[in-house]
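**Student:** The structure that follows is given in the form of structure tokens.
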Amino acid sequence: MTTLDPTDRRILRALDDDSRAPVLLLAQRLGLARGTVQARLERMGRADVLRAHSVRVEPRPLGFNLRAFVTAEVDQETFDQTIEALAGIREVIECSAIAGADDIICQVVARDADDLYSVGQQILRCAGIRRTSTSIVLRQLMPYRTAQLLAD
């Protein structure tokens, strides 16, 4: 586990405000040496504090106007094959193992209700899926956020 000091937290808060800020600009804004900011970002990247570099594309502009969470009970003997099959469904954008009555929860996107039905059927056809339950997202009330975790 990585321990973040106050300087690490300042850098992360600055990145949360402007994730595309170059290292030099971050250093200037924070009153730190460029090398300090660069070294700390590299260290935090190696320690998995920062997510891997990627472009986060919102599904809605791509025509996927509906979002849902699908929970499923999975046959434990075929668990790995089930996850591999789910990874082959493009509309499954996230999948996590959970505790409770179900084994996994998948976040899925769809173009409309008919498309969501089709995605649900694809999920049901995956080897090892015993049953599913789908909850449609009506409105996002709070976006994914972590800045509040950086408070000292």
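**Student:** Out of everything in the range 43-78 that is of a type in the set (A, V, I, L, M) and in a loop (DSSP other than H, G, I, E, B), what residue ends up being farthest from Pro143 (Cα to Cα)?
**Tutor:** The extreme case among them is Ala47.
**Student:** When you look at Asp102, is it closer than 14 Å to Pro59 by Cβ and either within 21 Å of the chain's Cα centre (by Cα) or modelled with pLDDT of 95 or more (or both), yes or no?
**Tutor:** no
**Student:** Right, something else. Would a scan of the range 66-80 turn up a residue that is farther than 22 Å from Asp152 by Cβ, touching a residue at least 40 places away in the same chain (Cβ under 8 Å) and among the small types (Gly, Ala, Ser)?
**Tutor:** For the range 66-80, residues farther than 22 Å from Asp152 by Cβ, touching a residue at least 40 places away in the same chain (Cβ under 8 Å) and among the small types (Gly, Ala, Ser): present.
**Student:** Select, from Val49, Val70, the only residue that is among the hydrophobic types (A, V, I, L, M, F, W, C), surrounded by 11 or more Cβ atoms within 10 Å (Cβ to Cβ) and under 30 Å from Ala113 (Cβ atoms).
**Tutor:** Of Val49, Val70, the one residue that is among the hydrophobic types (A, V, I, L, M, F, W, C), surrounded by 11 or more Cβ atoms within 10 Å (Cβ to Cβ) and under 30 Å from Ala113 (Cβ atoms) is Val70.
**Student:** Another question, then. If we scan the range 52-64, do we find a residue that is modelled with pLDDT of 95 or more and surrounded by 14 or more Cβ atoms within 10 Å (Cβ to Cβ)?
**Tutor:** Yes, because at least one residue in the range 52-64 is modelled with pLDDT of 95 or more and surrounded by 14 or more Cβ atoms within 10 Å (Cβ to Cβ).
**Student:** Let me ask something additional. For the range 4-25: of the residues being assigned to a helix (DSSP H, G or I) and over 20 Å from Gln148 (Cβ atoms), which is nearest to the chain's Cα centre (by Cα)?
**Tutor:** Among those that are assigned to a helix (DSSP H, G or I) and over 20 Å from Gln148 (Cβ atoms), it is Val23.
**Student:** Same structure, new question: Cβ-Cβ below 6 Å, separation at least six or inter-chain, first residue in the range 86-108 and assigned by TED's automatic domain parsing to the domain that holds Ala68, second among the acidic types (Asp, Glu): which pairs?
**Tutor:** If the second residue must be among the acidic types (Asp, Glu), the pairs left are Asp102/Glu73; Asp103/Glu73; Gln107/Glu94; Val108/Glu91.
**Student:** Take the range 83-136 and flag every residue that is assigned to a loop (DSSP other than H, G, I, E, B), surrounded by fewer than 16 Cβ atoms within 10 Å (Cβ to Cβ) and of a type outside the set (Lys, Arg).
**Tutor:** Gly88, Ile98, Ala99, Gly100, Ala101, Asp112, Ala127
The values are calculated or read from the model by the stated rules, or taken from the named source; none is laboratory data. Predicted model, so just to flag it, every value in this text is computed and none were measured. Heads up, the Cβs are rebuilt from the backbone with ideal geometry, glycines too, and the neighbour counts pull from every protein chain shown.
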